[in-house]
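Novice: Pasting a structure below so you can have a look.
Here, each number is a calculation from the coordinates, and none is a lab measurement. Because the structure is a prediction, the values reported are computed rather than measured. Cβ placement follows ideal geometry from the backbone for every residue including glycine, while neighbour counts extend to all protein chains displayed.
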Amino acid sequence: MSSWGNEIKISIFGESHGNGIGVVLDGLPSGEKLDMEEIYKQMARRAPGRDKTATPRLEKDFPEILSGVLNDTTTGAPLCAVIRNTNTRSQDYGNVLSCPRPGHADYTGYVRYHGFNDIRGGGHFSGRLTAPLVFAGAVCRQILSRRGIFIAAHIASVGNIKDSTFDPVSIPSQLIERLSSVSFGLIDTSKEESMRELIEQCRLAQDSIGGTVECAIVGIPAGVGSPMFDGVENVISSIVFGIPAVKGIEFGAGFDAAQMKGSQNNDEFCYSGDKVVTRTNNHGGILGGITSGMPVIFRAAFKPTPSISAEQKTVDLTSGKDTTLFINGRHDPCIVPRAVPVVEAAAAVAVTELLARSQMLNK
Ligand SMILES: Cc1cc2nc3c(=O)[nH]c(=O)nc-3n(C[C@H](O)[C@H](O)[C@H](O)COP(=O)(O)O)c2cc1C
């Protein structure tokens, strides 16, 4: 289903080439002032058509708020925002109606919905459906920043080119501020050129490339979350896996911890003033599903964009025969740069939900 959350419920609707897409956010606290310019800025970071690393489909992604906000302030009623689709070219998708794209959801969607799903532009499976998620995240991050919680992500890798990682113990506020306002977010900006070159090489070779996004949540107090099935990892993962093309997630030292000894992986405690902190942060700010007060750090792995221009083998579901496919349409040669604000947004919604569940949201 396309709805998520117990306390802060979000419901995302629409299809890539339908009239529009949008989100309903329910359970938000009332009286939260929204800086609309800041929301538009976050939407613009994800919007397509900015450069060669993204699809040339030009969409302004302007959210029209239908309810839940009066005088730029949340009323507590369901907040609904709609983004009209204006730049569709559905004729590009004529051939995938019966010949599913390898790596995309055309085949599985066809089976699941008995051929009734809207396949144009990927329909409800499209990366475009992350625009309403960024809207929801932009609202939530304003609510969180008022409570001293800040979120930033960066392109951790594209193919085998890696950015520096966050210092998991201490993340400077200037870095968070810079990353949450740029559209090609890197800690080490000297990596931008080589990443862009690799993406361009892949595009020219009619191919695409995957990568990873690292996200940090700073200022989250200790004691948020619950054990077993309602842990912070569970809640963040479930919304991050709602982002199309995410294939993996790891927290703190993640899979590297599997190669460590306890003495290397354990993060020793100490006092910083009267606050308990850890000297290292392999645990990524979460122990037993509950926050420790250290930054929450996670990385999400994105597969390469499925729609590539090179000829591929597929099946023709109408004739029941094997066939070949050329994909038309406008596609991102690499999803990762545009996914950075989406991951931040997912984290913002997840943290708002977690705070509400722990009765720590209301001021
Ligand atoms: C921001 C963003 C942009 C995307 N752009 C494209 C695209 O241009 N072409 C494409 O084939 N897939 C794109 N995707 C990925 C597909 O939507 C996704 O791979 C597909 O729905 C199958 O789902 P899965 O990869 O999660 O299994 C994009 C994903 C995101 C998050």
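Novice: Which chymotrypsin sites (Phe, Trp or Tyr not before Pro) in the range 269-337 sit in a loop by DSSP (not H, G, I, E or B) and have at most 16 other Cβ atoms within 10 Å of their own Cβ?
Specialist: Taking the range 269-337 and a limit of 16 other Cβ atoms within 10 Å, the loop chymotrypsin sites (Phe, Trp or Tyr not before Pro) found are 326.
Novice: Hey, another quick one. Once the mean 1/r over all distinct Cα pairs of the chain is inverted, what Kirkwood radius in angstroms do you read off?
Specialist: 21.2
Novice: For the chain: lysine pairs with Cα atoms under 23 Å, gap of 8 or more or different chains, count?
Specialist: 19
Novice: Follow-up question, since we're still on this one. Using +1 at the Cβ of each Lys and Arg and -1 at the Cβ of each Asp and Glu in the range 3-357, identify which of 202, 174, 265 lies farthest towards the dipole's positive end.
Specialist: Towards the positive end, the residue furthest out is 202.
Novice: Another question, if that's okay. Can you tell me the order of 179-186, 200-207 when each peptide is scored by its average per-residue count of other Cβ atoms within 10 angstrom, highest first? Kindly include the intermediate steps, with their values, before the conclusion.
Specialist: Numbers: 179-186: 19.4, 200-207: 15.1.
Averaged packing, sorted descending, gives the order 179-186, 200-207.
Novice: Follow-up question, since we're still on this one. Counting other beta carbons within 10 Å of each Cβ, put 141, 147 in order, fewest first.
Specialist: Lowest to highest Cβ neighbour count: 147, 141.
Novice: For the chain, what is the mean residue ellipticity at 222 nm derived from helices alone (per DSSP H run of n ≥ 4: -39500 (n - 2.57); sum divided by total residues; nearest 500 deg cm²/dmol)?
Specialist: On the way: 8 runs with 89 residues, N = 363.
-7500 deg cm²/dmol, from helical runs alone.
Novice: Continuing with the same structure: Using unit Cβ charges (K, R positive; D, E negative) and no other charged atoms, how large, in debye to the nearest 20, is the dipole of the chain about its Cα centre?
Specialist: The calculation lands at about 360 debye.
Novice: OK, next. What relative contact order, as a whole-number percentage, does the range 3-357 give when Cα pairs under 8 Å and 6 or more residues apart are counted?
Specialist: Details: 767 pairs, mean separation 83.0, N = 355.
After rounding, I find 23 percent.
Novice: Roughly how many Å is it from the Cα centre of the range 144-183 to that of the range 334-363, as a whole number?
Specialist: 14
Novice: Continuing with this model, one more query. Can you list which of the DSSP-assigned H helices in the chain have a Cα extent of 15 Å or more along the long axis and an average Kyte-Doolittle score of at least 0.0?
Specialist: Length and hydropathy pass: 130-145, 336-357.
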